[in-house]
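Reading through the structure tokens given below for one structure.
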Amino acid sequence: MTEKPSGLFHRDRGWHPPALTPLYKTSVKRSPAAAPIAMPSTLSEDTGPVFTRDILGPQDADLIHNFASDGQSAIGPRIIVYGRVLDETGRGVPNALVEVWQANAGGRYRHKKESYLAPLDPNFGGCGRVITDEQGNYEFRTIQPGPYPWPNGPNDWRPAHIHFSIFGRSFGQRLITQMYFEGDPMIWQCPIVGTIPSREAIETLVAALDMRRTVPMDARAYKFDIVLRGVRQTMFENRLEGL
Ligand SMILES: [Fe+2]
């Protein structure tokens, strides 16, 4: 396989879930039936998209308030989620767009196709975004989402989770994943989590409770570091962006 102009490492397909996982029923119809065909990426895909902080609203990183009426806040356990976006060589990825979406504290999404009987919270929208700083750090505030049932097997439930989409330096680094919470027994019952080949890989998706970053009488903190596909390049001190 030829090297991409961007110099990205090839993905380790044994680490990521396979496309076809019959215990996750909807994967059967949407997984490819033939071997994928490699297509060269274009220059714009190797170098973009680029996001700048001027796209962010003042409350984009505060899901407790960004959908709430004046003086109100979302219902649920208040938490801070923070961490670093890194590449496979351990370098922080600056200016990465981190988008998150989640169910409310009762496990209900604000979506027209949502059918779970748990109530909507009028002060919770369920999505937010943040851009990493020069060292790859990010942080947002939200409420801890609830678990919810889903029509897969006769009694399948998703563990509490937050969905993440991360844009790094280019489309080739994009990652979409889910974050789980330390100590949740539902993680090990979930057919979607069960598509991940190893326990070690699953544990990279479990955020650790961090009492040192907890704000007393306000919000507990969870630490979640995210590793994107890396770039084969020596880092120069005067070129921290890495490209
Ligand atoms: Fe979900």
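The values are calculated or read from the model by the stated rules, or taken from the named source; none is laboratory data. Since this is a predicted model, take the numbers as computed values, not measurements. Here the Cβ positions follow ideal geometry from the backbone for every residue, glycine too, while neighbour counts run over all protein chains shown. In case anyone asks, the SASA skips ligands and DNA or RNA and just uses the protein heavy atoms, side chains included. Shrake-Rupley method; radii C 1.70, N 1.55, O 1.52, S 1.80 Å.
Computed values, structure above
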| quantity | calculated |
| --- | --- |
| Burial order of peptide ranges 194-201, 133-140 (average beta-carbon count within 10 Å, highest first) | 133-140, 194-201 |
| Translational D in µm²/s for the stretch 25-136 (Stokes-Einstein at 37 °C, 0.692 mPa s, Kirkwood Rh from C-alpha pairs) | 188 |
| Where Rh is the Kirkwood radius over Cα pairs, Rg/Rh for the chain | 0.97 |
| Relative contact order of the stretch 1-141, pairs being alpha-carbon contacts under 8 Å that are 6 or more residues apart, as % | 27 |
| Helix-only CD estimate at 222 nm, as mean residue ellipticity for the chain, using -39500 (n - 2.57) per DSSP H run (n ≥ 4) | -1000 deg cm²/dmol |
| Nonlocal Lys pairs with alpha-carbon distance under 30 Å, the chain (8 or more apart, or different chains) | 4 |
| Debye, to nearest 20: dipole size of the stretch 61-207, +1 on Lys, Arg Cβ, -1 on Asp, Glu Cβ | 360 |
| Listed residues A38, T214, N123: farthest to the positive end of the dipole of the chain (Cβ charges) | A38 |
| Among 54-61, 91-98, 35-42, 186-193, the order from most to least packed when residues are scored by Cβ within 10 Å on average | 91-98, 186-193, 54-61, 35-42 |
| Relative contact order [Cα under 8 Å, 6+ residues apart], the chain, whole percent | 25 |
| Mean-position separation - Cα centroids, the stretch 160-238 and the stretch 1-76, in angstrom | 13 |
| Ranked order, L20, L117, L63 - accessible area, probe 1.4 Å, largest first | L117, L20, L63 |
| Per residue value of the accessible surface for the stretch 1-137 (all protein chains in place, 1.4 Å probe), Å² | 62 |
